[in-house]
1. Using r as the Cβ-Cβ distance of residue 26 and residue 143, and R0 as 25 Å, what FRET efficiency do you calculate, to the nearest 0.05?
2. Can you check what the net charge comes to around residue 178, using other residues whose Cβ is under 13 Å from the Cβ of residue 178 (Lys, Arg +1; Asp, Glu -1)?
3. Taking amide H atoms as placed 1.01 Å from N in the peptide plane, list the residues 5 or more away in sequence, or in a different chain, whose amide H sits under 5 Å from that of residue 26.
4. Carbon and sulfur atoms: what percent of the 1.4 Å accessible area of region 144-349 do they account for?
5. With n ≥ 4 as the cut-off for DSSP H runs, can you work out [θ] at 222 nm for the chain, using -39500 (n - 2.57) per run divided by the number of residues, rounded to the nearest 500?
6. Please calculate how many Å² of accessible area region 194-294 carries per residue, with a 1.4 Å probe and no DNA, RNA or ligand atoms counted.
7. Rounding to the nearest 10 and keeping the result within 0 to 90°, find how far the Cα-based axis of helix 123-150 lies from the longest principal axis of the chain.
8. Rounded, prolate or oblate: which fits region 166-315 when a ≥ b ≥ c are the square roots of the eigenvalues of the alpha-carbon gyration tensor, with rounded for a/c under 1.5 and prolate only if a/b beats b/c?
Amino acid sequence: MTILKDLSIKWKEENLILPIWYEDGRVNIIDQIKLPFNEEVYSLDSVSQLARAIKDMTIRGSGAIGIAGAYGILLSAVESNGDIERIKEGGLLLKSTRPTAVNLMKTVDEMIQYVVSYSGDDIISYIEHMVAEVVTRQLDYEKKLGEYGAKLIQDGDTILTHCHSGALAGAGFGGRALSVIRTAHESGMKIHVFTSETRPYLQGARITAYELMKWGIPHTLITDGMSGYLMRLKKIQKIVVGSDRIAANGDLLNKIGTYMHALAAKENDVPFYTATSSHTIDYNLSNGMDAKVEFRNEEEVTTINGQRIALEGTRALYPSFDVTPNELITGIITEKGVMTKPFTDSLLKVK
Ligand code: RUB
């Protein structure tokens, strides 16, 4: 498996923050549960271990779990010595882990297509090449959408982002929202970022702030409920968030809390953008409210770092994502440009 090893070395030299890579016969992931205080690498060699890591959010973010799906098919092929039926089972296991983010489903299906149509005699090397292609494509998207998105930002802007749509949620350049922010910053603009903490997993506090710190981008942590008032105070000029799935009509499925920011943005005339790539648009989904939203374990809400924050017996609810209706979205930033309303038409240009 040399191509992935060589590429991993190259990517690390390019100042990327890789969420997942291949080394010495194993797939390695940054343990995102331990960030930001511990930069621990979790090394694994089976598809079931990787499926568990996706499910418990050791690796997370729609782009990153899509790529993890591709690596998972590779692990499945290595484990089964190229047995097609077992690789397919591995694909089903991976797809069962997180139902909302569409990249995971699409990438696993794409990899399975490659596998079933292969007629050569070295399927492992072939899959390795396909994984490299998936990652390279995603990196290319991140850089391109970053360029398009940065054109929407003005010198002096304060930008609100929610959850973590950055390098570790993507292929390593900046994911989606943070590719826009990173590109604007690196072009010399003086920008500031508000990152909302994103209860309950705290991706904004733990991971977005961590990446912004690494890139030297000025930022301030706020709690999720603060954005509306800060918009009334005119302290936020733009909102840029990522996307777990975009329906054909432009409805956005993204981390729980996104909808509330979008409502406040509408009320306060703050432009609201989602950054995405063609891979995240689900043309089979006509309306965002028809998608299956993952509900996670209530203990993730009643505890922080294993410590209870509510009395035993207090019930909690955790829809992991919400749906922002397309009318609240100013533009959808993609690798092919910024799509505007009516999204049903403009999104077809990205297909
Ligand atoms: C992550 C989340 C991020 C998206 C979008 O969800 O909602 O905002 O993945 O980021 P989770 P991107 O932490 O539950 O996986 O578009 O860059 O993937």
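The values are calculated or read from the model by the stated rules, or taken from the named source; none is laboratory data. What you see is a predicted model, and the numbers here were worked out from it, not measured in a lab. Cβ: placed from backbone, ideal geometry, glycine included. Neighbour counts: every protein chain shown. Please note that ligands, DNA and RNA were not included when accessible areas were found on the heavy atoms of the full protein model with its side chains. Shrake-Rupley method; radii C 1.70, N 1.55, O 1.52, S 1.80 Å.
1. 0.35
2. With Lys, Arg at +1 and Asp, Glu at -1, the neighbours total +1.
3. Counting only residues 5 or more places away or on other chains, the set is empty.
4. The C+S portion of the solvent-accessible surface of region 144-349 is 54 percent.
5. Values: 12 runs with 136 residues, N = 351.
Counting only the DSSP helices, I get -12000 deg cm²/dmol.
6. 39
7. The angle comes out at about 10 degrees.
8. Here region 166-315 falls in the rounded category.
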